[in-house]
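There's a structure below that I have some questions on.
The values are calculated or read from the model by the stated rules, or taken from the named source; none is laboratory data. Bear in mind the structure is a predicted one, so any value in this text is a computation, not a measurement. Cβ: placed from backbone, ideal geometry, glycine included. Neighbour counts: every protein chain shown.
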Amino acid sequence: MKIAWMTDVHLDFVDRETVDALIARLRASGAGAVAITGDIAEADSVEAHLETLAAGLDVPLYFVLGNHDYYGASIEAVRKRMDRLCSRTTSLCYLSGSEPVALTPGWALVGHDGWGDGRAGDYARSPVMLNDYVHIKDLAGLDKQARGERLAALGRQAAEHLHRVLPQALALCSRVLLLTHVPPLTTACWHQGKTADDDWAPHFVCQSVGEAILEIMAAHPQQQLRVLCGHTHSEGIDRPRPNITIMTGAADYGRPAIADTLELD
């Protein structure tokens, strides 16, 4: 099976002609499924863009959301809309609310948005102030301590989902593909060929998800996990354990593209 993977496409930055050209490239790739690891658009347009992609493709589209997909709304409200969208559009699957998906006899699929959970690097000393903390209702107006507590809770939520579904997927198949938006470890958080420092890592790494996958895969040493993520707009590969490969995808605003095409044998 061939999967076309995209990340950080930010379709709200481009016109319909560019979206149609992207759909044409996806169709021409010969992929049997499409995977998106977040930052599809913003809260007021992400649903419409997913509907456009689904209408233009004749294969399943599996996705998680990124931080930008929540801009202008609350996290709960957007996630509920995604669940309703997927219930009426059978080719769409929002993995943060999904059970494991069997892709082939040897490969299963799971995922969750993840979140920069403030646990990597040095959140207390970091001067970084993301637009997330202004444009996402759950984070806007909070002081730094309260915001850090909220970020940590979002990370725990993602990890709890994976603690439930990843062992289920490993019981189904010997290999698992995991989609998430935020790199799960600092060693996988790439920007222009370097990994994140202590200022940026709190906002660009989901340490809770990283700890979850390390723990789970340590208990399954003969099985393989491949993680696809984005968020940093820079590509890199990290292999924190012999049975874990983390791929971080590159992206450019205004130029949505296929990050990679994966062959699942």
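Determine if segment 25-45 includes at least one residue that is without any contact (Cβ under 8 Å) to a residue 12 or more places away in the chain and either basic (Lys, Arg) or more than 23 Å from Ser98 (Cβ to Cβ) (or both).
Checking segment 25-45: at least one residue is without any contact (Cβ under 8 Å) to a residue 12 or more places away in the chain and either basic (Lys, Arg) or more than 23 Å from Ser98 (Cβ to Cβ) (or both).
Leu50 - would you say it is among the aliphatic types (A, V, I, L, M), in contact with a His (Cβ under 9 Å, 6 or more places away or on another chain) and buried (at least 23 other Cβ atoms within 10 Å of the Cβ)?
Here the answer is no, as Leu50 does not meet what is asked.
Here is a yes/no grid of residues against (1) in contact (Cβ under 8 Å) with a residue 24 or more places away in the chain; (2) crowded, with 16+ Cβ neighbours inside 10 Å; (3) more than 18 Å from Thr7 (Cα to Cα); (4) within 15 Å of the chain's Cα centre (by Cα):
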site: Glu149; (1), (2), (3), (4): no, no, yes, no
site: His161; (1), (2), (3), (4): yes, yes, yes, yes
site: Thr180; (1), (2), (3), (4): yes, yes, no, yes
site: Pro202; (1), (2), (3), (4): yes, yes, yes, no
site: Leu264; (1), (2), (3), (4): yes, yes, yes, no
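Okay, moving on. Hey, among Leu228, Leu172, Leu142, which residue is at pLDDT 95 or above, out of contact with any His (no Cβ under 7 Å at 6 or more places or on another chain), of a type outside the set (D, E, K, R) and crowded, with 24+ Cβ neighbours inside 10 Å?
Among Leu228, Leu172, Leu142, only Leu228 is at pLDDT 95 or above, out of contact with any His (no Cβ under 7 Å at 6 or more places or on another chain), of a type outside the set (D, E, K, R) and crowded, with 24+ Cβ neighbours inside 10 Å.
Does Asp39 count as modelled with pLDDT of 95 or more, touching a His at 6+ places or on another chain (Cβ under 6 Å) and closer than 23 Å to His135 by Cβ?
Yes, satisfied.
Continuing with this model, one more query. State all residues of segment 238-261 that are under 17 Å from Leu177 (Cα atoms) and among the hydroxyl-bearing types (Ser, Thr, Tyr); if no residue qualifies, say none.
Thr245, Thr248, Thr261 - these are the residues of segment 238-261 that are under 17 Å from Leu177 (Cα atoms) and among the hydroxyl-bearing types (Ser, Thr, Tyr).
Go over the candidates Thr37, Thr7, Thr52, Thr18 one by one and state the one that is among the hydroxyl-bearing types (Ser, Thr, Tyr) and in contact with a Pro (Cβ under 9 Å, 6 or more places away or on another chain).
Thr18
Would you be able to tell me the number of residues in segment 87-116 that are farther than 22 Å from Ala54 by Cβ, under 14 Å from the mean Cα position of the chain (by Cα) and either of a type outside the set (Phe, Trp, Tyr) or at pLDDT below 95 (or both)?
The total comes to 2.
Under the condition of being free of Cβ contacts under 8 Å to residues at least 40 places away in the same chain and aliphatic (A, V, I, L, M), which residue from segment 53-76 is surrounded by the fewest Cβ atoms within 10 Å (Cβ to Cβ)?
Ala55
List every residue pair whose Cβ atoms lie under 6 Å apart, where the two residues are 6 or more positions apart in sequence or sit on different chains, the first residue falls within segment 205-232 and is farther than 23 Å from Leu103 by Cα, and the second residue, located anywhere, is of a type in the set (Lys, Arg).
Cβ pairs passing all conditions: Gln207/Arg119; Ser208/Arg156.
Of the conditions (1) in contact with a Leu (Cβ under 6 Å, 6 or more places away or on another chain); (2) surrounded by 22 or more Cβ atoms within 10 Å (Cβ to Cβ), Pro184 fails just one. Which one is it?
Checking Pro184 against (1) in contact with a Leu (Cβ under 6 Å, 6 or more places away or on another chain); (2) surrounded by 22 or more Cβ atoms within 10 Å (Cβ to Cβ), the one that fails is (1).
Give the residues of segment 61-116 that are small (Gly, Ala, Ser) and more than 21 Å from Leu264 (Cβ to Cβ), sorted by residue number.
Gly66, Gly72, Ala73, Ser74, Ala77, Ser87, Ser96, Gly97, Gly114, Gly116
Now for a separate question. With the requirement that a residue be of a type in the set (Gly, Ala, Ser) and in contact (Cβ under 8 Å) with a residue 60 or more places away in the chain, what does segment 113-147 give you?
Correct list: Gly114, Gly116, Gly118, Ala120, Gly121, Ser126.
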